[in-house]
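Everything on this sheet refers to the single structure shown next.
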């Protein structure tokens, strides 16, 4: 039971990390995005995240930000057969509270608000090395080299107040295309991804202004080690750059050039349930958010002949 569970555990758990840290969503660390999963399986995920530091800030307007963000989210994912390849669809619905202080134009400001964060949907497909398999076929499958791609869309439906600088929502759409590769040399899997996050314009920015942002480009790397009884441990790292903002036609000096590192641990409790713990922190911060993140997630899976 645990041998197959080790290759399924965490296959949907990571989708919550996409939106658990609002305002810094190019900075997530999500191992095992490009892994094969039996077709027809459903995943229900619930999670709690805590982040502390310079969250969701515009460095051109806020300094010395010390904010605390608590988030709770539920997600649903389903594995699919896409033209003979393994694929997955997932949707995440997050909510949370942010509180703390910062300085704006020399004045101390505070924020304490709860509400919805922007929801996200994603479609991912492995187009090499991960054929669509039922559960019986999957038991005989051994991962070698997988190449895949994904597209995530975040909708501007979270809490947003244009008279405040810190919000849970972003009041803009974003699109995150990504391509990834995973190579397994048991018991180790090396996974890497390249992607970007593209933003639409926020026409109701603070003070009635218009805010635009250049795309953020990122590289992500995971070293995943399979432990006994189906558990696994991952060392995570990411680097992201770009993202310069423009407010009412004036460019800000806030281009990113930041890196983060993290650790992820997943454990299959039984045939149907898994848990995952994740921690990450900033390593080198040129501009923008510098924060620490802790998260705990539970996943229940069913269907697909399980």
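The values are calculated or read from the model by the stated rules, or taken from the named source; none is laboratory data. Remember, it's a predicted structure, so these values are computed and weren't measured experimentally. Cβ coordinates were reconstructed from backbone atoms using ideal geometry, including for glycine residues, and neighbour counts include every protein chain displayed.
Report, by residue number, each residue of region 79-94 that is touching a residue at least 40 places away in the same chain (Cβ under 8 Å) and on the phi < 0 side of the Ramachandran plot.
Residues satisfying the conditions are 79, 80, 81, 82, 85, 86, 87, 88, 90, 92, 94.
Inspect all residues belonging to region 144-163 and state whether any of them is out of contact with any strand residue (DSSP E or B) (no Cβ under 9 Å at 6 or more places or on another chain), outside any helix (DSSP H, G or I), over 30 Å from residue 188 (Cβ atoms) and without any contact (Cβ under 8 Å) to a residue 24 or more places away in the chain. Spell out the reasoning first.
Start the filter on region 144-163 by keeping residues that are out of contact with any strand residue (DSSP E or B) (no Cβ under 9 Å at 6 or more places or on another chain), which leaves 163.
Within this subset, residues satisfying the condition of being outside any helix (DSSP H, G or I) are 163.
If we keep only those that are over 30 Å from residue 188 (Cβ atoms) too, we end up with 163.
Adding the requirement that they be without any contact (Cβ under 8 Å) to a residue 24 or more places away in the chain leaves none.
No, every residue in region 144-163 fails to be out of contact with any strand residue (DSSP E or B) (no Cβ under 9 Å at 6 or more places or on another chain), outside any helix (DSSP H, G or I), over 30 Å from residue 188 (Cβ atoms) and without any contact (Cβ under 8 Å) to a residue 24 or more places away in the chain.
Quick check on residue 184: is it over 18 Å from residue 30 (Cα atoms) and over 21 Å from the mean Cα position of the chain (by Cα)? Give the derivation first.
On the way: over 18 Å from residue 30 (Cα atoms): no; over 21 Å from the mean Cα position of the chain (by Cα): yes.
The answer is no for residue 184.
Tell me, which residue of region 165-177 that is touching a residue at least 60 places away in the same chain (Cβ under 8 Å) and either over 19 Å from the mean Cα position of the chain (by Cα) or in a strand (DSSP E or B) (or both) is nearest to residue 234 (Cα to Cα)?
Looking only at region 165-177, we keep the residues that are touching a residue at least 60 places away in the same chain (Cβ under 8 Å), and these are 165-170, 174, 176.
Still in the list and also either over 19 Å from the mean Cα position of the chain (by Cα) or in a strand (DSSP E or B) (or both): 165-166, 174, 176.
Numbers: 165: 35, 166: 32, 174: 28, 176: 23 Å.
Ranking the qualifying residues of region 165-177, first place goes to 176.
For (1) closer than 22 Å to residue 166 by Cα; (2) assigned to a strand (DSSP E or B); (3) out of contact with any helix residue (DSSP H, G or I) (no Cβ under 8 Å at 6 or more places or on another chain), each residue gets a yes or a no:
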position: 222; (1), (2), (3): no, yes, yes
position: 234; (1), (2), (3): no, yes, yes
position: 239; (1), (2), (3): no, yes, yes
position: 266; (1), (2), (3): no, yes, no
position: 278; (1), (2), (3): no, yes, no
position: 300; (1), (2), (3): no, yes, yes
position: 306; (1), (2), (3): no, no, no
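Has region 228-244 got at least one residue that is closer than 23 Å to residue 69 by Cα and surrounded by fewer than 19 Cβ atoms within 10 Å (Cβ to Cβ)?
Filtering region 228-244 down to residues closer than 23 Å to residue 69 by Cα leaves 236-240, 243.
With surrounded by fewer than 19 Cβ atoms within 10 Å (Cβ to Cβ) added as a condition, the list becomes 237, 239.
Checked region 228-244: at least one residue is closer than 23 Å to residue 69 by Cα and surrounded by fewer than 19 Cβ atoms within 10 Å (Cβ to Cβ).
I'd like the residue in region 36-71 that is assigned to a loop (DSSP other than H, G, I, E, B) and at pLDDT 90 or above and, out of all such residues, is surrounded by the fewest Cβ atoms within 10 Å (Cβ to Cβ). It would help to see each step written out before you state the result.
Kept after step one, since they are assigned to a loop (DSSP other than H, G, I, E, B), are these residues of region 36-71: 36-40, 54-62.
Cutting the leftovers down to at pLDDT 90 or above gives us 36-40.
Values: 36: 24, 37: 27, 38: 25, 39: 23, 40: 17.
Residue satisfying both the conditions and the ranking: 40.
Among the residues that make up region 103-117, is at least one of them part of a loop (DSSP other than H, G, I, E, B) and on the phi < 0 side of the Ramachandran plot?
Residues of region 103-117 that are part of a loop (DSSP other than H, G, I, E, B), as a first pass: 105-106, 117.
Subsequent filtering for residues that are on the phi < 0 side of the Ramachandran plot retains 117.
Yes, region 103-117 has at least one match.
Confirm whether residue 162 is surrounded by fewer than 16 Cβ atoms within 10 Å (Cβ to Cβ), under 17 Å from the mean Cα position of the chain (by Cα) and farther than 27 Å from residue 303 by Cα.
Values: surrounded by fewer than 16 Cβ atoms within 10 Å (Cβ to Cβ): yes; under 17 Å from the mean Cα position of the chain (by Cα): no; farther than 27 Å from residue 303 by Cα: yes.
Criteria not met by residue 162.
Can you confirm whether residue 258 is within 23 Å of residue 102 (Cα to Cα) and assigned to a strand (DSSP E or B)?
So residue 258 fits the description; yes.
Residues are listed down the side, and each one gets a yes or a no for (1) surrounded by 17 or more Cβ atoms within 10 Å (Cβ to Cβ); (2) within 25 Å of the chain's Cα centre (by Cα); (3) more than 22 Å from residue 75 (Cβ to Cβ); (4) at pLDDT below 95:
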{"residue": "94", "(1), (2), (3), (4)": "yes, yes, no, yes"}
{"residue": "106", "(1), (2), (3), (4)": "no, no, yes, yes"}
{"residue": "109", "(1), (2), (3), (4)": "no, no, yes, yes"}
{"residue": "153", "(1), (2), (3), (4)": "no, yes, no, no"}
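Which of the residues that make up region 122-142 are crowded, with 17+ Cβ neighbours inside 10 Å and not in a helix (DSSP H, G or I)?
Listed by number, the residues that qualify are 122, 124, 125, 126, 129, 130, 132, 133.
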